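The values are calculated or read from the model by the stated rules, or taken from the named source; none is laboratory data. Since we're looking at a predicted model, the values are computed, not measured. Cβ sites come from the backbone with ideal geometry, for glycine too, and all protein chains shown count toward neighbours. What goes into the accessible areas is simple: the full protein's heavy atoms, side chains included, and nothing from ligands, DNA or RNA. Shrake-Rupley method; radii C 1.70, N 1.55, O 1.52, S 1.80 Å.
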Amino acid sequence: MSVIVELTIPSEAFELGQILRVEGATQVTLETMVPLGGKPTPFVRISDGARRSFENSVREHESVRDITPVNTHDEETLYALEWEPPDGSLFDRLTDIGAALLDATGTADRWRIELRFPTYDALSTFQEYYIEEDIPVSVEKIYNPTKPDAGPWYGLTPVQRETLTHAVEAGYYSLPRTISTKELAAEFDISDQAATERLRRGISTLVTNTLLTLDNE
């Protein structure tokens, strides 16, 4: 059974925190870690206001080959980061034990990271690593969220995840409701019925792969 861990770590205590340095209240988000050519390639999102200084700072790091703008939207820029994780580094170790990065957000001082480990043994191996290396990791939460074959997003398809997330953020499930089904559908250029079906299927998938799994256990 896989296990998800939410943890925090000082920015200066691991390699990506040192590479992706930001100042003030600026936040940097690690969108995903895609294995390209056997190496984990981060996609990084940051506000445009910090773009120039951020790019210069990242390029100065010895393990970085390049940082390339991929897309700009709503005053934020998405980058692809080409880097070589040092042998024995935190992310090198996570790759070795098969951990998947689900979410990571950093500030000037601290990063919050969510990881999925394939087994509890893999998590134990990681814990032994950071204790031995004296890395100040703070584990905030550990839980079994889903069926083993559900994938990192609890079995949701990309469109289901996007629609459900936007529905919650826009107040579709609030009391009183602040966005209608018709308005929600219009934002995705689909029919009312299609929007309702996405939400229904998404919620059914979430419950099946999380709450019902825990009940069966």
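Here's the picture: charge each Lys and Arg Cβ at +1 and each Asp and Glu Cβ at -1 in the chain, and of THR29, GLY202, GLN127 the one pushed furthest to the positive end of that dipole is GLY202. Largest GNM mean-square fluctuation among THR181, THR105, THR163, using the chain with Cα springs under 10 Å: THR181.
Gaussian network model of the chain, Cα springs within a sub-10 Å range: biggest mean-square fluctuation belongs to which of THR29, THR157, THR95? Its mean-square fluctuation being the largest, the pick is THR157. Simple spin-label estimate for ARG112 and GLU132 gives 3.1 nm between the two label positions (7 Å along the Cα-to-Cβ direction from each Cα). For the chain, the solvent-accessible area with a 1.4 angstrom probe is 56 square angstrom per residue. Volume per residue of the convex hull around the Cα atoms, evaluated for the chain, comes out as 152 Å³.
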